[in-house]
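See structure below.
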Amino acid sequence: MSAFRARIRAGALVLALSILGLLAGPSGASAAYQVVSPDQVLGARSILSPGSIPFQPTVERIAPDPLEAGSDKPKTWDDGCVAWRTKVELPTCAYGDQDSETNVVLMGDSRAMLYFPPLEAVADERGWRLVNLIRVDCFVASVKSTDRHCDTWRDNMLRRIVRSEKPDLVILSTATKRSYTVRVGGQTLDRPRSQPHLVEGMKKTIKRLRNAGARVIVVRDQSLAPFRPSECVARNPDQLKRCAFPPRPRGPRAFEQKAARATGTRVLDPQSMFCSSSRCPAVIGDMAVYLDTYHLTSTYSATLSDWFADRLPLNP
């Protein structure tokens with residue numbers, strides 16, 4: 001079934017559930033909006049064309065609860081498949097078909113973690129084995145950072161990928177935030193001076209994975225919100241215009257995109273599925289989009305599965 005037909009069927013189902021919900025009456029935790037299960041709303045499935053984001057001025061039914069959006073993380077978090085603090089190793093962390101001949105690795109920081117739900121859906125549909133290698137606040141560019149645990153984790157994971165996982169496809173996703181600075185010659189550089197080193201380090205990571213026989217795809221970073229959109233939604237369900245914001249320019253810090261272009265690596269940019277050129281809504285298809293100022297809710301991210309399926313290779 002094509003992604004378009006799947007969206008049409010999903011829309012029909014949600015319409016039917018909406019009618020049933022109205023007949024049953026409200027049961028949510030808020031008098032202003034009703035919290036419903038994710039399968040009762042559309043999320044990104046309401047977008048017919050990337051970049052053309054439908055704007056809804058109010059919300060009456062929503063998933064997840066905007067007041068609890070901060071805890072709406074993928075199951076990989078609870079599974080212990082996200083490294084942080086002093087942790088420099090990860091368990092197997094494999095999902096999908098464990099016996100598949102197609103091995104795919106998702107590697108990156110918390111940005112990659114929030115794209116796990118749609119990638120797992122694609123892996124399940126296509127019979128892939130999907131390995132999740134994530135560490136919070138740790139860029140994947142091969143250059144010395146200000147966190148020795150991050151550097152050790154990165155070296156360990158790249159070695160694991162090359163020697164043990166031997167994947168057909170590696171999907172890299174990394175934030176490009178201001179705090180990502182590097183150390184060169186024993187000196188910590190500020191963010192602008194770190195940029196060329198991050199670009200070169202990202203190129204090094206991509207080339208190392210390619211030399212091991214893997215196809216590499218880079219997922220581009222997204223714009224930062226100036227406030228917590230879901231908290232705004234909880235306060236303004238009847239005035240969602242207050243909770244939308246213009247996307248910030250990403251070019252100056254886009255070391256992942258620059259490295260990908262320099263190495264001829266394909267880049268996927270999911271931001272077109274939650275921001276237009278002028279506005280990033282906090283609610284799309286009756287779903288709370290943001291977990292905090294810099295991450296999507298797992299619930300909304302899961303509805304990007306069709307978008308990723310249409311852009312990932314069928315046979316890596």
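The values are calculated or read from the model by the stated rules, or taken from the named source; none is laboratory data. Computed from a predicted structure; not experimentally measured. Reconstructed Cβ throughout: ideal geometry from the backbone, glycine too, with neighbour counts over all protein chains shown. The accessibility values were calculated without ligands, DNA or RNA, using every heavy atom of the protein model including side chains. Shrake-Rupley method; radii C 1.70, N 1.55, O 1.52, S 1.80 Å.
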Q) Averaged per residue, what accessible surface does the chain expose to a 1.4 Å probe, in Å²? A) 45
**Q.** Debye, to nearest 20: dipole size of the chain, +1 on Lys, Arg Cβ, -1 on Asp, Glu Cβ
**A.** 1520
Q) If you add up the charges near P66, with Lys and Arg at +1 and Asp and Glu at -1, over every other residue whose beta carbon is less than 15 angstrom from its beta carbon, what do you get? A) -4
Q: Compute, for E68, the solvent-accessible surface of its heavy atoms (probe 1.4 Å) with the complete set of protein chains present, and express it in square angstrom to the nearest 10.
A: 120
Q. In straight Cα distance, which lysines are under 18 Å from K241, not counting same-chain residues fewer than 8 positions off?
A. none
(Q) Using the Karplus curve 6.51 cos²θ - 1.76 cosθ + 1.60 with θ = phi - 60°, what ³J(HN,Hα) values do you get for each residue of region 89-95, in whole Hz, with x for Gly and Pro? (A) 10, 9, x, 3, 6, 9, 10
Q: Note the listed values (1) -0.46, -0.57, -0.81, -0.95; (2) -0.41, -0.51, -0.75, -0.89; (3) -0.56, -0.67, -0.91, -1.02, then indicate which one is log10 I(q)/I(0) by the Debye sum over Cα atoms at q = 0.09, 0.10, 0.12, 0.13 Å⁻¹ calculated from this particular structure.
A: (1)
Q: Report Rg (one decimal) and Dmax (nearest whole number) for region 136-185, counting Cα atoms only, units Å.
A: 11.9, 36
Q. For the chain, what is the calculated [θ] at 222 nm in deg cm²/dmol (nearest 500), taking -39500 (n - 2.57) for each run of four or more DSSP H residues and dividing by its residue count?
A. -9500 deg cm²/dmol
**Q.** Most fluctuating residue given options S110, S230, S194, as computed from a GNM of the chain linking Cα atoms under 10 Å
**A.** S194
Q: Any chance you could look up the accessible area of E231 with a 1.4 Å probe, heavy atoms only, rounded to 10 Å²?
A: 90
Q | Spatially proximal lysines relative to K144 (Cα-Cα < 27 Å; intrachain offsets below 8 disregarded) | A | K87, K166, K177, K203, K204, K207, K258
(Q) For region 139-267, what are Rg and Dmax over the alpha carbons, in angstrom? (A) 17.4, 54
